[in-house]
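Visitor: Starting off with a structure, shown below.
The values are calculated or read from the model by the stated rules, or taken from the named source; none is laboratory data. Quick caveat: nothing in here was measured; it's all calculated off a predicted structure. Because the Cβ atoms are built from the backbone with ideal geometry, glycine has one as well, and the counts that use them run over all protein chains shown. Side chains included, ligands, DNA and RNA excluded: accessible areas come from the protein's heavy atoms. Shrake-Rupley method; radii C 1.70, N 1.55, O 1.52, S 1.80 Å.
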Amino acid sequence: MKELLELYLIFVKIGSVNFGGGYAMLPLLERELVTERGWVTTEELMDYFAIGQCTPGIIALNVSTFIGNKRKGVAGGITASIGFLTVPILIILLIAAFLTNFAELPVVKNAFAGIRVCVCVLILQAVERLWSKAVVDKRTLVLYLVIFALAAFSAYLPVSLPAAVLVIGAGVFGIFFGKAGDKK
Amino acid sequence: MIYLQLFLAFFKTGLFAVGGGLATLPFLYEISDTYHWFSHGDIADMIAISESTPGAIGINMSTYAGYITGGVPGGIIATLGLGTPCVIIILVIARILKKFKDNPYVEKAFYGLRAASIAMISAAGINVAKIALFNLPAFQETGSLLQLFAWKAILLALILYFAMKKVKLHPIAFIGISALVGILFHFGGV
């Protein structure tokens, strides 16, 4: 019970500062779960994000469920997800009830313009840290560059592939051209 | 039975929206057209709110739609409806993965998946940077390169980058500091 409560509180914390989309939670998860607690490895986090990208649902919830499940089974998976949802639900209920012009308030606009800068830098540093674990040879470098270009600049390209297709494609590429045994 | 309807409508969204927040949008428009719980304008407002709150757009929209149709319990039930399929699917996948963890094909698939994962993370970073560090609308209007860069934001980004290397504060601390800097120096331009 105590462990479930701890799990819940960690995800309440992560859910309350997860600005900028599912992938922005990665630096927070790294800090809370890899560095401070050693519950999961960075490789596992990357795997969870890849699977979360090509399975249905909100990526942040997929990743929360994975981590909770690894720690405390089915109950853990549910607890972590509910923890993640707690603060966003409260915030939207408050906004819907009292602050319908929330996003237009100058103080909110300015604060979030600042937060977005921080999220960019946090993501950049997470990529730097993860790089050597995912991009291990020339093939993975090419794969990275292709997927990055297709995902980041899809608006300027003649073809636009859904992210799930890109991720599944990378998995198939791995099955045909990957090496087993040297990772994980 | 509005609660059951809410739960099911958002359950369907959670079950079929693959690929995160924005993937829920087409489903939200469909719910709006079918049930009229919220308007297309509400969806546009919620995109703005989702950029200024921690939650994902799908989560926020389900809470909001549930609240306006069924009060506080409605908000909670709709959001749980959205989350339930994600949780079930991942619990099943986690179980299967555990069984096949040492299968060479699974290991090889992850060799590709990890590269994809970090590529998607980088792309997410670029998408945030486009709004945070650049000022595309002003550039398109004036055509002046000086207008393209949000100079204050770029300066903050550089300072944060080196500060994070030097000081090992919790990311939440840096997020809080950046919010304050944004307010003090009017990063939003208002």
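Visitor: Name the single residue, out of those in the range B:27-63 being under 15 Å from the mean Cα position of the chain (by Cα) and open to solvent by 60 Å² or more (accessible area, probe 1.4 Å), that is modelled with the highest pLDDT.
Guide: B:ASP45
Visitor: Before we move on, is A:VAL121 hydrophobic (A, V, I, L, M, F, W, C), touching a Ser or Thr at 6+ places or on another chain (Cβ under 7 Å) and assigned by TED's automatic domain parsing to the domain that holds A:MET46?
Guide: When the stated conditions are applied, A:VAL121 does not pass them.
Visitor: Next up: Considering only the range B:24-54, state which residues are small (Gly, Ala, Ser), more than 8 Å from chain A (Cβ to nearest Cβ) and in a helix (DSSP H, G or I).
Guide: B:SER32, B:GLY41, B:ALA44, B:SER50, listed by residue number.
Visitor: From A:VAL63, A:VAL74, A:VAL40, which residue is out of contact with any Ser or Thr (no Cβ under 7 Å at 6 or more places or on another chain) and under 13 Å from B:THR84 (Cα atoms)?
Guide: A:VAL74
Visitor: Name, by its number, the condition in (1) open to solvent by 20 Å² or more (accessible area, probe 1.4 Å); (2) modelled with pLDDT under 90; (3) part of a helix (DSSP H, G or I) that does not hold for A:ILE91.
Guide: Going through the list (1) open to solvent by 20 Å² or more (accessible area, probe 1.4 Å); (2) modelled with pLDDT under 90; (3) part of a helix (DSSP H, G or I), A:ILE91 breaks only (2).
Visitor: Only one residue in A:VAL40, A:VAL12 is touching a residue at least 40 places away in the same chain (Cβ under 8 Å) and closer than 25 Å to B:PHE174 by Cα, so which one is that?
Guide: A:VAL12
Visitor: While we're on this one: How many residues does the range A:40-62 hold that are at the interface with chain B (Cβ under 7 Å from one of its Cβ atoms) and polar (S, T, N, Q)?
Guide: 3
Visitor: In the range B:131-158, what count of residues is obtained for those that are within 24 Å of A:GLU128 (Cα to Cα) and either under 21 Å from the mean Cα position of the chain (by Cα) or open to solvent by less than 100 Å² (accessible area, probe 1.4 Å) (or both)?
Guide: Residues meeting the conditions: 11.
Visitor: Could you check the range A:141-167 and list, in sequence order, the residues that are within 23 Å of B:PRO104 (Cβ to Cβ), β-branched (Val, Ile, Thr) and surrounded by fewer than 19 Cβ atoms within 10 Å (Cβ to Cβ)?
Guide: A:VAL142
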